[in-house]
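Everything below concerns the one structure shown next.
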Amino acid sequence: MRSLITGGAGFIGREVARSLAARGDGPIAVFSRAPSAARLGDLAAHVTPLAGDLGSFSHVLDAVRMARPQIIYHLGALLSVPSEADPATAIQTNAMGTFHVLEAARLFDVRQVVFASSVGTYGHDLPDQIDDVTLQRPVFLYGATKVFGEHLGLFYRQKYGLDFRGIRYPAVVGPGVETKGAVQYTSWMIEKPARGEPFTVWVSPELRTPMMSIGEAARATVALADAPAEAIKTVTYLVDGMKPTPSAAELAAAVRERLPGAQIDFQPNRALEEKLRGLMRPIDDSRARAEWGWAPSDTPEMIVEGMLAQMRAEQPG
């Protein structure tokens, strides 16, 4: 199946491309601001890179015209911290970029769009557990742009018959993210010690942040796309990783077990943690499990080992 992946040279996008290539899908085009061979690594031989900006409608139109995809995995976005620092760019990239993708899909008769959303679409006054229909009142601009994308996709689904589907990820653990986010400690707690660097966790050891590995996030994304149309009732789905959710201390223990010399300590940022405790809730992803068979398989040990294996694979030479 012909695929176009926005943000395809980025974090989850590369893993989705890798999953599609591994099973023989193709051709696969990746749309990104800088889809260089160095950035794509082992994928460079299996995908067609298309450089462009989601905020430019002409760039998106050109990419869809050239790729002629049957499915668009819309994973490109400006992340949370840079969105707060540059709201105008966040709105242009995340909100208008999603409009550009959906409109290009309509104009070029793309069959399906899978949209990457986030648990960050939730926010104020949350119940003890969140599910797919929990009221979304995001705290951060990034979450607001994702709520907009979800509802715009529903509009295109209802008005134009586009097979729009969305997936709300928890914290995704994987290497290569350089921008600090509130829950980025879940990745850096593994990545920094693996590079021989000490790491200070900015939350309390007992804090539990719903998380999944980058491989599981890619697997969930492709599984949602593959699900038969008649199974899709909820349209945009929460997904979660392992249950019970590991605490920061339990993840650190898994790191130390695999990397005995790991230097990890805890110095909680109380103001940030208070905000996180207001946002972090257990996730009920039963609709994804019931409607299209989502079933996570990670353990903390598997997340650590997967991260280390990916880091080794991406080392030059």
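Observations
- Per-residue 3J(HN,Hα) values for the range 173-181, derived from phi via the Karplus relation 6.51 cos²θ - 1.76 cosθ + 1.60 with θ = phi - 60°, read 9, x, x, x, 7, 9, 8, 6, x Hz in sequence order (x marks Gly and Pro).
- Here the chain is treated with +1 on each Lys and Arg Cβ and -1 on each Asp and Glu Cβ, and its dipole about the Cα centre works out to around 580 debye.
- Of Thr179, Thr200, Thr121, the residue with the greatest mean-square motion in the GNM of the chain, using alpha carbon springs below 10 Å, is Thr179.
- The alpha carbon radius of gyration of the range 21-60, expressed as a multiple of 2.2 N^0.38 Å, is 1.25.
- Cα centroid of the range 27-43 to Cα centroid of the range 100-166, whole Å: 25
- A Cβ-based charge dipole, computed about the Cα centre of the range 164-317 with Lys and Arg at +1 and Asp and Glu at -1, lands at about 300 debye.
- For the chain, the tally of Lys pairs with Cα-Cα distances below 24 Å comes to 8, considering only residues 8 or more apart or on different chains.
- Result for the chain in a Gaussian network model with C-alpha springs under 10 Å: among Ile72, Ile264, Ile12, the largest mean-square fluctuation is at Ile264.
- Fraction of accessible area attributable to carbon and sulfur, the range 192-233 (%, probe 1.4 Å): 52
- Positive end of the dipole of the chain (Cβ unit charges, origin at the Cα centre): among His124, Ala9, Pro170, the Cα lying farthest that way belongs to Ala9.
- Residue of Pro300, Pro35, Pro260 that the Gaussian network model of the chain assigns the largest fluctuation, springs spanning Cα pairs under 10 Å: Pro260
- Overall dimensions of the range 215-288 by Cα: Rg and Dmax, Å: 17.2, 51
- Accessible area expressed per residue, the range 169-279, with surrounding protein chains retained (probe 1.4 Å, Å²): 41
- By DSSP, the beta bridges lying fully in the range 122-278 are antiparallel in about 20 percent of cases.
- Using the Cβ of Gly26 as centre and a radius below 14 Å, the other residues enclosed give a net charge of +3, where K and R count +1 and D and E count -1.
- Packing-based order for 222-233, 43-54, using average beta carbon neighbours within 10 Å, highest first: 43-54, 222-233
The values are calculated or read from the model by the stated rules, or taken from the named source; none is laboratory data. Not measured: the values here are computed from a predicted model. Methodologically, a virtual Cβ is constructed for each residue, glycine included, from the backbone with ideal geometry; neighbour enumeration extends over all protein chains shown. Each accessible area value is taken on the protein alone, full model and side chains, heavy atoms only, with ligands, DNA and RNA left out. Shrake-Rupley method; radii C 1.70, N 1.55, O 1.52, S 1.80 Å.
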